[in-house]
Amino acid sequence: MRQKKGPKPDEPRRPAPVSPPEIDPCGESHHPLDDDEELAHIGEFTPPPIEVSPDSDSKAGYDAPPPMVKPDEPVPVEQVPPLGPLSGQQPTAAPAPVPARKIRTFEQRLGRGGHETMWKRRPNLTGTGAIHVKSFHCKLTGDSLEYLDNQINEWLDDHPEYEVKMVTTSIGEWTGKLKEPALIVNVWV
């Protein structure tokens, strides 16, 4: 004979499982909360009817477009004659010279220009013995490397009295707004 297993004295009692709502053959379901007296008034609630007026989005019985839509009317285009020289001015033959650019891009020579003029040692053209060093740096991208090449070449073109004795390179982290890898080139002249 089998005995039914009941809760042991040391186990907490579990609530009885809630059965799903019963569905009657007509397709309507019955939920246990439907019998609650406090919620009985909800079943009697019906929303108020919505009145539709001619100015709403409904077009029932209203042939004109809604008031927010303007009818298609061609917009007249005003013809304006081309402007000529102002009265009292005579046209000049040569255009005015373009002023020099005041906005400068960030370059390595900004804020440091002219330090070569303060060097006291004269260039050594024997091919030995570097007397000065010029440092350049750039990000490790293709465009930046091309820009670095141009900077070095322009600097050497501007200083034909210097002969390159040695070049050293290193890659390190350059600290600016961001820390990013950079190529540092030292040109010994």
I'd like the full set of residues that are without any contact (Cβ under 8 Å) to a residue 12 or more places away in the chain, closer than 20 Å to T126 by Cα and part of a loop (DSSP other than H, G, I, E, B), limited to segment 138-189.
P160
Within segment 142-182, residues farther than 16 Å from A130 by Cα and surrounded by 12 or more Cβ atoms within 10 Å (Cβ to Cβ) come out as S144, L145, Y147, L148, D149, Q151, I152, E154, W155, W174, E180, A182
Would you check if S87 is among the hydroxyl-bearing types (S, T, Y) and modelled with pLDDT of 85 or more?
no
Quickly run through segment 38-84 and pick out the residues that are modelled with pLDDT under 70, part of a loop (DSSP other than H, G, I, E, B) and either loosely packed, with under 10 Cβ neighbours inside 10 Å or among the hydrophobic types (A, V, I, L, M, F, W, C) (or both).
V52, S53, D57, A60, G61, D63, A64, P67, M68, V69, K70, P71
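The values are calculated or read from the model by the stated rules, or taken from the named source; none is laboratory data. Because the structure is a prediction, the values reported are computed rather than measured. Glycine gets a Cβ as well: all are built from the backbone with ideal geometry, and neighbour counts include every protein chain shown.
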